[in-house]
Amino acid sequence: MAKLTDKVALVTGASRGIGKAIAIRLAHEGAKVVVTATTQQGAQATAQAIQEMGGQADARAVDISDEASVAAVVSEVLKTHGTIDILVNNAGITRDNLLVRMSADDWRSVIDVNLSGTFYCIKAVAKNMMRKRTGKIINITSVVGQIGNAGQANYSAAKAGLIGMTKSVAKELAGRNVQVNCVAPGYIQTDMTADLPDGAKEKLLEAIPAGKMGDPEDVAGVVAFLASSDADYITGQVINADGGMVM
Ligand code: NDP
């Protein structure tokens, strides 16, 4: 039975990869999905895929690192749908380099999108959830925010920051029946990981007890669970979808 019938879900970074799989899975569970990405075209492609499978979706372009755009899109969605029941903060970028070679611009852009962007989205949506006394916020962090990774000081700082923010906001909103959790994917097959050199891939695979990369759907299933009423008593948690990489 569909677990999210008539819930309105907003998913950031849903044009491809993990966000696309999350949007499709939430729609499959009966949610009306607001698909977002940096371009209308990218968001629309996923919304159309959902509509073609009989689900409900619409598309909006938003750069989550721009607070005013986030506020405008959220207020437009609230006007159209009347509510946002589920917020999935999935959008993220990498700008990898060893610390000594990392430019301040690469540091800032990763923090601006991955950490500040998520803060803007939560801030824009939280009041509606608090007023209704119900809501689910799911932030996509990473194993790298737990164990670090050479060449990703900016990204791991942002992802670790998300875990701290999740726990703080979970404490603030628990009394209003709003649950806030993280999913920490390991090594998942998407555009983000497509360009790794073969040697680096083999080394990473050795660190995964399951012996294989994950699929975006492996993350989407955990998000669908956290978005459902089955997870009503779970808040402030980080659930790893990583084939046993961090345990
Ligand atoms: P992709 O690079 O495949 O997709 C990134 C998505 O984020 C796209 O939809 C992109 O939109 C969107 N996006 C990028 N910048 C912005 C922005 N400024 N505003 C709004 N949307 C933006 O990434 P993945 O699917 O691999 O990753 C999804 C999430 O999962 C990220 O947070 C990532 O850090 C995390 N993750 C991924 C892992 C992996 O192994 N792949 C492992 C652990 C965590 P557009 O198409 O318009 O550019």
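The values are calculated or read from the model by the stated rules, or taken from the named source; none is laboratory data. None of these values were measured; they are calculated from a predicted model. Quick reminder, even Gly has a Cβ in these numbers, built from the backbone with ideal geometry, and neighbours come from all protein chains shown. Just so you know, the surface numbers come from the protein's heavy atoms only, side chains and all, with ligands and any DNA or RNA stripped out. Shrake-Rupley method; radii C 1.70, N 1.55, O 1.52, S 1.80 Å.
Key figures
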{"quantity": "Scope region 62-79; condition open to solvent by 30 Å² or more (accessible area, probe 1.4 Å) and more than 13 Å from ALA9 (Cα to Cα); matching residues", "calculated": "ASP63, SER65, ASP66, GLU67, ALA68, SER69, ALA71, ALA72, SER75, GLU76, LYS79"}
{"quantity": "Tabulated pairs, region 33-49, first within 11 Å of ARG16 (Cα to Cα), second within 7 Å of the ligand (Cβ to nearest atom) and in a strand (DSSP E or B), C-beta under 6 angstrom, 6+ apart or interchain", "calculated": "ALA43/THR36; ALA43/ALA37"}
{"quantity": "Breaking point among (1) farther than 25 Å from GLU217 by Cα; (2) in contact with a Leu (Cβ under 6 Å, 6 or more places away or on another chain); (3) crowded, with 22+ Cβ neighbours inside 10 Å, for ASN154", "calculated": "(2)"}
{"quantity": "Selected residue (criterion: nearest to ALA27 (Cα to Cα)) from residues of region 45-61 that are open to solvent by 20 Å² or more (accessible area, probe 1.4 Å) and within 11 Å of the ligand (Cβ to nearest atom)", "calculated": "ALA45"}
{"quantity": "Subset of region 193-247 (residues that are open to solvent by 70 Å² or more (accessible area, probe 1.4 Å) and polar (S, T, N, Q))", "calculated": "SER229, GLN237"}
{"quantity": "Residue match in region 206-215 (condition: part of a helix (DSSP H, G or I) and either among the polar types (S, T, N, Q) or within 14 Å of the ligand (Cβ to nearest atom) (or both))", "calculated": "no"}
{"quantity": "Single residue of region 174-213 satisfying the filter (among the hydrophobic types (A, V, I, L, M, F, W, C) and touching a strand residue (DSSP E or B) at 6+ places or on another chain (Cβ under 6 Å)) that is nearest to MET129 (Cα to Cα)", "calculated": "VAL178"}
{"quantity": "Residues being within 23 Å of the chain's Cα centre (by Cα) and over 17 Å from SER156 (Cβ atoms) - total across region 179-209", "calculated": "9"}
{"quantity": "Every residue from region 5-19 that is near the ligand (Cβ under 9 Å from one of its atoms) and more than 10 Å from the chain's Cα centre (by Cα)", "calculated": "SER15, ARG16, GLY17"}
{"quantity": "Residue within region 105-125 that is away from the ligand (no atom under 16 Å from the Cβ) and surrounded by fewer than 21 Cβ atoms within 10 Å (Cβ to Cβ) present", "calculated": "no"}
{"quantity": "Single unsatisfied condition, HIS28 versus (1) more than 9 Å from the ligand (Cβ to nearest atom); (2) at positive phi", "calculated": "(2)"}
{"quantity": "Hey, VAL70 under 16 Å from the mean Cα position of the chain (by Cα), free of Cβ contacts under 8 Å to residues at least 60 places away in the same chain and either over 18 Å from LEU4 (Cβ atoms) or within 10 Å of the ligand (Cβ to nearest atom) (or both) or not", "calculated": "yes"}
{"quantity": "Subset of region 144-166 (residues that are of a type in the set (A, V, I, L, M) and in contact (Cβ under 8 Å) with a residue 40 or more places away in the chain)", "calculated": "ILE147, ALA150, ALA153, ALA157, ALA158, LEU162, ILE163, MET165"}
{"quantity": "Matching option when the condition is within 22 Å of LEU115 (Cβ to Cβ), within 16 Å of the chain's Cα centre (by Cα) and more than 14 Å from the ligand (Cβ to nearest atom), among ILE86, ILE64", "calculated": "ILE86"}
{"quantity": "Near pairs, Cβ below 9 angstrom, 6+ apart or cross-chain, from region 90-104 (closer than 16 Å to GLY145 by Cα and modelled with pLDDT of 95 or more) to any residue that is within 16 Å of the ligand (Cβ to nearest atom) and among the aromatic types (Phe, Trp, Tyr)", "calculated": "GLY92/TYR155; ILE93/TYR155; THR94/TYR155; ARG95/TRP107; ARG95/TYR155; ASP96/TYR155"}
{"quantity": "Within region 163-197, considering residues that are within 16 Å of the ligand (Cβ to nearest atom) and charged (D, E, K, R), the one farthest from ILE18 (Cα to Cα)", "calculated": "ASP195"}
